[in-house]
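Step one of this worksheet: look at the structure below.
No value in this document is a laboratory result; all are computed from the given coordinates. Only a predicted model underlies this, so the values are computations on that prediction, with no experimental measurement involved. In this analysis, Cβ positions are derived from the backbone assuming ideal geometry, glycine residues included, and neighbour counts consider all displayed protein chains.
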Amino acid sequence: MPRVPARVLPPAFALAALTALIPLGGPAPAAADSIVVGGRPVSVADSPWAVALSSRDRFGAERAGQFCGAVAIGPTTVLTAAHCMGRTVLGGEASGIRDLRVIAGRDDLSGPGGQEVPVRSAWVNPDYDPGTNAGDLAVLTLEQPLPGDGVIPMAAEGDAAYTAGNEATVYGWGDTTGYGAYAATLHASDVQVLPDSSCVRAYPGGPRGAYDASSMLCAGDTAGGRDACQGDSGGPLVADGRLIGLVSWGSGCGSPGSPGVYTRVSAAIGWMPGEP
Ligand code: ARG
């Protein structure tokens, strides 16, 4: 993605100013047609950096208001997808949300446990393009540090973790069926880093969306069945113990020939705010 000067806005203005950059709509929203699809329940004890984004005001109390995934890269620094801070997801301006929180250390969103930490400010990549989903990244700064050592290192450009064919795992509390069956507990699905050509073929532009290898990463299951899905957005894709992607978009969930598209984390290293 194009490099931009990393600039942290004053917290009071951050949400209001930056969400103005995100118009309504976007390409190829993943249609609800399949199932973290093909996943298994996992424990946040083993993946403490996998956190949930929540607003009970906007999304109701049932699953603690979870609406997107996120991942901790520093004690007070959490990455998510830019589109998670947009009107299409939030149904309004992010600045209007008074109870934006990160939930850490809780497997089951319907129960207690773990910690809910308020988000102090959100930096939405000013180069995020809602038309193509390029640069789908936001950096949240928390009011208080997350407990323990629950942060994950990011894989820099050239890291072997990005190699096509490598095993990767995607984490989330999103839809497990493709029909709006949102998970109460954290799930993970094992996918493969796929060559850029797979996503170029699947998403050549037009209504299905356009894959841009410089800012996006392609991963999935060539046979279909394993994928991220709605509600997983912003959550981590991990390979070799390092963060390589954030759940961004796709066509359907787990359909053969329609891999998941992730924000390429290496493209953001070096210029986003709050890097450890
Ligand atoms: N846009 C979705 C979200 O906001 C994520 C979709 C990911 N889809 C996929 N097939 N990998 O939660």
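Just how far, in whole angstrom, is the range 190-254 from the range 106-172 if you go by their alpha carbon centroids? So the separation of the two Cα centres works out to 15 Å.
Charge tally around Ala155: other residues with Cβ under 15 Å, Lys/Arg +1 each, Asp/Glu -1 each, net -3. Based on DSSP H segments of at least four residues, each scored -39500 (n - 2.57), the chain has a per-residue ellipticity at 222 nm of -2000 deg cm²/dmol.
Average 1/r across all pairs of distinct alpha carbons in the chain, invert it, and you get the Kirkwood radius: 17.8 Å.
For the range 204-267, what class follows from the C-alpha gyration tensor (a ≥ b ≥ c being the square roots of its eigenvalues): rounded when a/c is under 1.5, otherwise prolate if a/b is larger than b/c, else oblate? Can you show the working numbers first?
On the way: a/c = 1.68, a/b = 1.21, b/c = 1.39.
Oblate, since a/c reaches 1.5 and b/c is not below a/b.
Since only Ala219, Trp271, Pro126 are under comparison, the one whose Cα sits farthest along the positive direction of the charge dipole of the chain, derived from C-beta charges on Lys, Arg, Asp and Glu, is Pro126. Ordering Gln115, Gly65, Val151 by Cα displacement along the dipole of the chain toward the positive end leaves Gly65 in first place; charges were set at the Cβ atoms of Lys, Arg (+1) and Asp, Glu (-1).
With K and R counted +1 and D and E -1, the other residues having a Cβ less than 13 Å from that of Ser43 yield a net charge of -1. The Cα atoms of the range 169-276 give a gyration tensor whose axes a ≥ b ≥ c have a/c of 1.5 or more with a/b no greater than b/c, which makes the shape oblate.
All other residues whose Cβ lies under 10 angstrom from that of Ala239 are scored, Lys and Arg at +1 and Asp and Glu at -1, for a net of -2. Computed from point charges on the beta carbon alone (+1 for Lys and Arg, -1 for Asp and Glu), the dipole magnitude for the chain about its Cα centre is near 480 Debye.
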